[in-house]
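The values are calculated or read from the model by the stated rules, or taken from the named source; none is laboratory data. Here the structure is a predicted model, which is why all the values come from computation and not from measurement. For neighbour counting, all protein chains shown are included, and Cβ atoms are generated from backbone atoms with ideal geometry for every residue, glycine included. These accessible areas exclude ligands, DNA and RNA; they are computed on the full protein's heavy atoms, side chains included. Shrake-Rupley method; radii C 1.70, N 1.55, O 1.52, S 1.80 Å.
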Amino acid sequence: MHRPKAVAVKVYAFVSWLILHGALWWLLTGGHGWAFGLAFAVSAAALSLYLSRSPLPLRLHRLPGFVAMFCRELLSAGWDVARRALHPRLPLAPQWLDYPLQSRDFHVRLVLSAMVGLLPGTLSSRFEDDILWVHVIDATQPWQDTVAALEQALANLLEDRRA
Amino acid sequence: MMALAGFLLLTALAGLWRLLRGPTRADRLLPIQFFGTTGTTVLLILAQAQQQPALRIVALLLALLAAVVPIALVQYLRRVGD
Amino acid sequence: MTDWLALLSWVPLLAGAFFFLAGTVGLLRFPDIYSRLHAITKADTLGLGLVTLGLIMRAENWQAVAVMVLIWLLMMGSGATTCQLLARYQQDLEAPDADKEPVHARR
C-alpha cells in the first residue's frame, strides 16, 4: 500500500470515530456542554484509533438489508427456543458439530462466531483452523444454511477486499 | 406497565433457582447475564411508566456492567479456578 | 402520544414478556448447560428487543428512543459475547487435556 493512501485511511477512520463519539455525547447530554464534549470526542476518537489499528470498513449501504435479515433470524431463533422450552416433551438433540468457515477474514470470523449464538438453534464457543465449533440444539434440524447465509452477509458487509 | 415490570422481576427470581442448583460452574454464572438483561428491561419500563428519564441512564450503566462483569469474572476464574 | 399507538405497543410488550418467560422456563428445564445458554441468549435478547420496540412506540422524544436502541445493541453484543465465553469456559473445564486445547484458550 502506498503511503498517502495509508494516511487517507487513518484520517477517514479518525473522522468516523469522531462523528461516532460526538453523536454519543450529544445523545447522552442532550447537546449540552460542548466544551467538554469536543475534548471527549477528540480524545476518545484518538484512543479508538490507537486501540483498533484496522477499523472495520463497514459498507453502510448494505447495513439496512443486514439488519432486516438479522432481526428476522433473531425472531425465529427466539420462537424456536421458546417452543422447545414450553413443549411438554422437550424436543432437544444437542450436539457439538464443526462448521467449515468460508471467509478468510478475521473480523468476519470473529463477529460470526459471536452472532451465531443469536441464530436459530446454534451457538459457538470458538474457531480455529478454519473450523467454527458449533453447538446445535437439535442436530436433526438443518442449521448450516442459516450460518452460511449469515457468514455471506457478514462478508459482504465488512470483508476487507484489499487482502 | 408496573405489572409487566413485576412479571419480569418474577421470571428473574425464578432463574435464581438455577444459580443455587448449578450443577456446573458455568450454570452459576448464567444468571449474571440473565439478571443483566432482565434488570435493564425493568429499568427501561420503569423509566417510561414513572416518567423518570434518568432511569434510562441507570439502565445504560447496568448494560455496560453486564457487558464487562462476565468477561472479568470468567477471566478471573480461569486464572484461579482450577 | 397517540392512543392507538399506545394500545398497539402492548403487542410487542407482551410478546417480549412471553420470551422472557420462555427463557426462564428453558433455563430451568433444559437438561444441559449449552442448551440453557441457547435459551437465555436468544430468548432474552429477543425479549429485550421487543420490550424496547414497545417502549419506543410510547417514547416522548427521540433522545429516549436513541438511548433505548443503544442499550439494546449493547445488550445484544454483550449477550452474544458472554454466551460464547461461557460455552468456551465450560468446554475447557470438560476437556482440559492439552491436545484439545486451542491456542488462544489460555493466555
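Here are some notes:
- The listed residues B:8, C:73, C:28, once ranked by accessible area (1.4 Å probe) with the largest placed first, stand as C:73, C:28, B:8.
- From helices alone, chain C scores -27000 deg cm²/dmol at 222 nm; the rule is -39500 (n - 2.57) for each run of n ≥ 4 DSSP H residues, then divide by the residue total.
- For the protein assembly as shown, pairs of C-alpha atoms spaced more than 27 angstrom apart make up 50 percent of the total.
- Spatial separation of Cα centroids for the range A:67-127 and the range C:28-72, in angstrom: 16
- Binning the alpha carbon pair distances of the range A:88-146 at 5 angstrom intervals from zero yields the distribution 4, 19, 31, 24, 12, 6, 3, 1, 0, expressed in whole percent.
- Among C:54, C:23, C:77, the largest mean-square fluctuation in a Gaussian network model of chain C, built with springs joining Cα atoms closer than 10 Å, belongs to C:77.
- Taking one quarter of the surface of the convex hull spanned by the alpha-carbon atoms of the range C:3-93 gives a direction-averaged projected area of 6.0 nm².
- Other protein chain Cβ atoms within 10 Å, averaged over every residue that makes up B:22-30: 6
- Counting only DSSP H runs of at least 4 residues, each contributing -39500 (n - 2.57), and dividing by the residue count of chain A, the helix-based mean residue ellipticity at 222 nm comes to -19500 deg cm²/dmol.
- For the pair residue A:106 and residue A:15 in one chain, pulling the backbone fully straight at 0.36 nm per residue adds 30.4 nm over the alpha carbon distance.
- Most fluctuating residue given options A:36, A:127, A:70, as computed from a GNM of chain A linking Cα atoms under 10 Å: A:36
- When only alpha carbons are used to place a centre, the range A:1-35 and the range B:10-50 end up 36 Å from one another.
- Rounded FRET efficiency, nearest 0.05, which uses the C-beta distance separating residue A:60 from residue A:7 and R0 of 22 Å: 0.50
- Across all C-alpha atoms in the range A:31-163, the radius of gyration and Dmax reach 18.7, 61 Å.
- When only Cα pairs below 8 angstrom with a gap of at least 6 residues are kept, chain C shows a relative contact order of 28 percent.
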